[in-house]
Amino acid sequence: MLSGLPVAVSNLIVESGASLDLGGVDLTVGGFTRVAGALTARGTETLRLCGDVDLTGATVESAHSTVVLPGDGTWRVKTG
């Protein structure tokens with residue numbers, strides 16, 4: 001579980017069988033995001049995804065969170 005101030009990381013990988021609990025903390029991912037495990041938001045977290053996103057196999061509990069794809073570029077988002 002994340003805790004404390006907003007967090008920024010270069011890339012995010014959550015493997016199948018693993019989990020990431022945002023725990024009320026905002027998260028910015030500067031590069032690619034790949035989630036095949038569980039991603040849990042508990043409140044009004046903001047998740048900023050600045051690169052390509054692959055959610056194949058992911059389980060997402062969104063609560064009242066917001067996902068932001070910033071900028072004016074082209075984004076590739078894969079689900080399934």
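The values are calculated or read from the model by the stated rules, or taken from the named source; none is laboratory data. These numbers come from a predicted model, not from an experiment. As a convention, Cβ positions derive from the backbone with ideal geometry for all residues, glycine included, and neighbour counts pool all protein chains shown. SASA here: full protein model, heavy atoms, side chains in, ligands and nucleic acids out. Shrake-Rupley method; radii C 1.70, N 1.55, O 1.52, S 1.80 Å.
Here the accessible area is traced with a 1.4 Å probe on the protein chains. For segment 1-49, carbon and sulfur cover 53 percent of it. For segment 24-80, a crude dipole built from +1 on the beta carbon of Lys and Arg and -1 on the beta carbon of Asp and Glu, taken about the Cα centre, is about 100 debye to the nearest 20.
Under the definition of Cα pairs under 8 Å and six or more residues apart, what whole-number percent is the relative contact order of the chain? Dividing the mean separation by the residue count of the chain yields 26 percent.
In terms of solvent-accessible area of protein heavy atoms at a 1.4 angstrom probe, what is the ranking of VAL67, VAL29, VAL9, highest value first?
Greatest to least solvent exposure: VAL67, VAL9, VAL29.
Modelled this way, with points 7 Å down the Cα-to-C-beta line, the labels at GLU61 and ASN11 are 2.8 nm from one another. The trypsin sites (Lys or Arg not before Pro) found in segment 1-76 that occupy coil by DSSP, while having at most 11 further C-beta atoms within 10 Å, are ARG76. Of the GluC sites (Glu not before Pro) found in segment 1-79, those in coil by DSSP whose Cβ has at most 13 other Cβ atoms within 10 Å are GLU15. When the surface is traced with a 1.4 Å probe over the full set of protein chains, SER62 keeps roughly 60 Å² accessible. Global dimensions of the chain from alpha-carbon coordinates: Rg and Dmax equal 11.7, 34 Å.
With protein chains left intact and a 1.4 Å probe, residues in the chain average 60 Å² of accessible area per residue. Extending 7 Å from the Cα toward the beta-carbon at both MET1 and THR44 defines two label points whose distance is 2.0 nm.
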